[in-house]
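Would you mind keeping the following structure in view while I ask a few things?
The values are calculated or read from the model by the stated rules, or taken from the named source; none is laboratory data. This one's a predicted model, so the numbers in the text were calculated from it and none came from an experiment. Don't worry about glycine lacking a Cβ; one is built from the backbone with ideal geometry, like all the others, and counts go over all protein chains shown.
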C-alpha cells in the first residue's frame, strides 16, 4: 500500500427508506446492523478514519453512542454515491472507500481487495467488489445484481437479469455485486457532474453513470461471502450465517 495516500472508509446509512425504514438500525444479533459494518471497517489497517454518512438524526445518535464519527448529509440524495460525493466535499482524502451499510457480513480482509496497490490520486479511478454465486437460485433472483467484465476486469454490463445468457453453454461462473467500492475525488466529481443516462434510469443502478459514458470501473472478485440486507426477511439469513461462520466476534471499540 502506498504510505503517503490518505484513504478513508465511508458507510452510507440512509434513514428514510420506504421499503425498509431505518434499515441501518435493524437489530442483528443484538446490535444495529450499521455497527457490524462499522466494526469490520475499523479493522481495515490502511483506513485513516471511518465515517458514517447519514441523513437521520436518530441514526447519528445511535452511531455516536458506539463511538463512530458521523457526517450529516442531505436527505435529497438518490444514491449512496451521491452521499459519498457530499462526504468528499467535507473530508479530504486520496481515495474514498464506500462500504454499504447493508453488508454486515463483509469483513476487513475482503474490503481491502477493492483498493489498488498503486494509483494516481489526481486521476479518475473506480473499483468495486464482486463475488461468485454459489446457489443457482440466486442467479435468477432479481434482487441480486449480476456483473459481467472483460478479461481485464473492466465492467461491461450490470443487470438484475441473469447475464450473460447461457445459449452456447453452461460453463460460466456468474458473479454478483458486493457493496464495497473505491473512488478517487475526480471520479466522484465526474459522477456528480454527469446526468443520469437511460440505462441507469431503467436499471436503477448508479454504476451506469460511468459505464454509459465509457468510464472504466474495475470489478475485483473478492471470493467472499456476502448477504446484503434488502428486506427484513434477510436478517434471519445473516444471523444464521454469522453464527455458523465461527461465532460472534467480540470487539472493543475505542
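Just one of the numbered conditions (1) over 16 Å from the mean Cα position of the chain (by Cα); (2) in a helix (DSSP H, G or I); (3) surrounded by fewer than 13 Cβ atoms within 10 Å (Cβ to Cβ) is not true of residue 139; which one?
Against the list (1) over 16 Å from the mean Cα position of the chain (by Cα); (2) in a helix (DSSP H, G or I); (3) surrounded by fewer than 13 Cβ atoms within 10 Å (Cβ to Cβ), residue 139 comes up short only on (3).
Looking only at region 24-33, filter to residues that are in contact (Cβ under 8 Å) with a residue 40 or more places away in the chain and under 18 Å from the mean Cα position of the chain (by Cα); which one of those is surrounded by the fewest Cβ atoms within 10 Å (Cβ to Cβ)?
Residue satisfying both the conditions and the ranking: 26.
Which members of region 120-135 meet the condition of being outside any loop (DSSP other than H, G, I, E, B) and surrounded by 17 or more Cβ atoms within 10 Å (Cβ to Cβ)?
126, 127, 128, 129, 130, 131, listed by residue number.
If you go through region 34-44, how many residues are within 18 Å of residue 20 (Cβ to Cβ) and touching a residue at least 60 places away in the same chain (Cβ under 8 Å)?
The total comes to 3.
What are the residue pairs meeting all of these: first residue in region 74-86, first residue free of Cβ contacts under 8 Å to residues at least 24 places away in the same chain and on the phi > 0 side of the Ramachandran plot, second residue crowded, with 22+ Cβ neighbours inside 10 Å and in a loop (DSSP other than H, G, I, E, B), Cβ atoms under 7 Å, and 6 or more apart or on different chains?
Pairs found: none.
If you don't mind, there's one more thing I want to ask. Within region 174-181, can one find any residue that is within 18 Å of the chain's Cα centre (by Cα), touching a residue at least 40 places away in the same chain (Cβ under 8 Å) and surrounded by fewer than 16 Cβ atoms within 10 Å (Cβ to Cβ)?
Within region 174-181 (the criterion being within 18 Å of the chain's Cα centre (by Cα), touching a residue at least 40 places away in the same chain (Cβ under 8 Å) and surrounded by fewer than 16 Cβ atoms within 10 Å (Cβ to Cβ)), the answer is no, since none of the residues qualifies.
Being more than 24 Å from residue 6 (Cα to Cα), over 17 Å from the mean Cα position of the chain (by Cα) and either modelled with pLDDT under 95 or surrounded by 16 or more Cβ atoms within 10 Å (Cβ to Cβ) (or both), is that true of even one residue in region 222-232?
Within region 222-232, one or more residues are more than 24 Å from residue 6 (Cα to Cα), over 17 Å from the mean Cα position of the chain (by Cα) and either modelled with pLDDT under 95 or surrounded by 16 or more Cβ atoms within 10 Å (Cβ to Cβ) (or both).
Same structure again: How many of the residues making up region 233-254 are surrounded by 12 or more Cβ atoms within 10 Å (Cβ to Cβ) and at pLDDT 80 or above?
Here the count works out to 7.
Okay, next question. Looking only at residues in region 182-210 that are free of Cβ contacts under 8 Å to residues at least 60 places away in the same chain, under 20 Å from residue 77 (Cβ atoms) and touching a helix residue (DSSP H, G or I) at 6+ places or on another chain (Cβ under 8 Å), which one is surrounded by the most Cβ atoms within 10 Å (Cβ to Cβ)?
Looking at the filtered set, the residue picked out is 208.
So that you can scan it fast, the table gives a plain yes or no per residue for (1) more than 28 Å from residue 116 (Cα to Cα); (2) buried (at least 21 other Cβ atoms within 10 Å of the Cβ); (3) in contact (Cβ under 8 Å) with a residue 60 or more places away in the chain:
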residue	(1), (2), (3)
14	no, yes, yes
22	yes, no, no
46	no, no, yes
50	no, yes, no
53	no, yes, no
66	yes, no, yes
92	no, no, yes
95	no, yes, yes
98	no, yes, yes
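Only one residue in 238, 180 is closer than 27 Å to residue 121 by Cα and not in a loop (DSSP other than H, G, I, E, B). Which one?
180
A follow-up question, please. Which ones in region 147-160 are on the phi < 0 side of the Ramachandran plot, surrounded by 14 or more Cβ atoms within 10 Å (Cβ to Cβ) and assigned to a loop (DSSP other than H, G, I, E, B)?
Of everything in region 147-160, just one residue is on the phi < 0 side of the Ramachandran plot, surrounded by 14 or more Cβ atoms within 10 Å (Cβ to Cβ) and assigned to a loop (DSSP other than H, G, I, E, B), namely 160.
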